[in-house]
1. Just the Cα atoms of the chain, one point each, no solvent: what log10 I(q)/I(0) does Debye give at q = 0.11, 0.13, 0.14 Å⁻¹?
2. Assuming R0 = 30 Å, what is the FRET efficiency of residue 135 and residue 21, from their Cβ-Cβ distance, to the nearest 0.05?
3. For the chain, what does -39500 (n - 2.57) per DSSP helix run (n ≥ 4), summed and divided by total residues, give at 222 nm, in deg cm²/dmol to the nearest 500?
4. Could you list 86, 70, 134 in order of exposure, starting from the residue whose Cβ has the fewest other Cβ atoms within 10 Å?
5. Taking the beta-carbon count within 10 Å as an exposure proxy, list 100, 139, 90 from fewest neighbours to most.
6. Rank the residues 114, 99, 121, 14 as a footprinting-exposure proxy: fewest other Cβ atoms within 10 Å of their Cβ go first.
7. Quickly work out the residue 95-to-residue 43 label distance, labels modelled 7 Å from Cα along the C-beta direction, and quote it in nm with one decimal.
8. Could you give the spread of the C-alpha atoms of the range 70-134 along their three principal axes, from largest to smallest, in whole angstroms?
Ligand code: B12
């Protein structure tokens, strides 16, 4: 069976790596074919990669406390593109006093399908992956 393709990346200003390794293994365990671009991925590299090798899903992880700024900047860069039907989700760690639901709302409003913030328990993400696969059955990127 064809596996959904997922592009995994840390945003431009984020150097954390183990979160990406963890997510790569989790995505593989859940039946996804993963391209892990690693940390500090520029918008140019991310969108060039998507143009060259179309994906079904893009997963962004940001730990350094700037998930909101990074996420909004990424969606702004995406709006300048003319092609590309990938679904984007984001996750990571917020700053200590940050309002989780406010940030989640802002990220979803900007264009992410979902935002997994301060969630060290992966069960909601695993449920998302399962329903994503179900909803894309038969229409995966070849
Ligand atoms: C290791 C580390 C570093 C290393 C990274 C080395 C490397 N190559 O990865 C170094 C020293 C470089 C570093 C630098 C910095 N760090 Co640092 N770092 C850490 C540390 C100790 C561990 C992070 C880690 O690897 N965790 C292991 C992974 C597997 O787990 P995780 O990160 O928690 O990820 C889980 C969840 O968040 C979730 N998740 C994450 N992303 C996503 C995405 C999706 C879609 C989903 C579903 C889930 C999900 O799933 C993961 C598994 O449960 C944490 C503190 C801590 N104990 O967590 C601080 C921490 C993340 N760092 C922090 C900071 C502030 C920095 C710096 C800004 C410090 C500085 N002033 O320079 C810089 C940033 C550099 C940069 N440009 O990004 C803060 C972030 C605070 C915040 N969120 O507001 C933390 C929390 C420390 C702290 N308490 O202050 N760091």
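No value in this document is a laboratory result; all are computed from the given coordinates. As the structure is a computational prediction, the values presented were derived from the model and not from experiment. Glycine gets a Cβ as well: all are built from the backbone with ideal geometry, and neighbour counts include every protein chain shown.
1. -0.36, -0.51, -0.60
2. Working: r = 27 Å, r/R0 = 0.90.
My answer for the efficiency is 0.65.
3. Working: 5 runs with 59 residues, N = 142.
Result for the chain: -13000 deg cm²/dmol, rounded to the nearest 500.
4. On the way: 86 15, 70 21, 134 8.
Fewest-to-most ranking of 86, 70, 134: 134, 86, 70.
5. Values: 100 12, 139 9, 90 28.
Lowest count first: 139, 100, 90.
6. Numbers: 114 17, 99 11, 121 8, 14 23.
Listed from fewest to most nearby Cβ atoms, that is 121, 99, 114, 14.
7. 2.1 nm
8. In descending order, the Cα extents are 35, 32, 14 Å.
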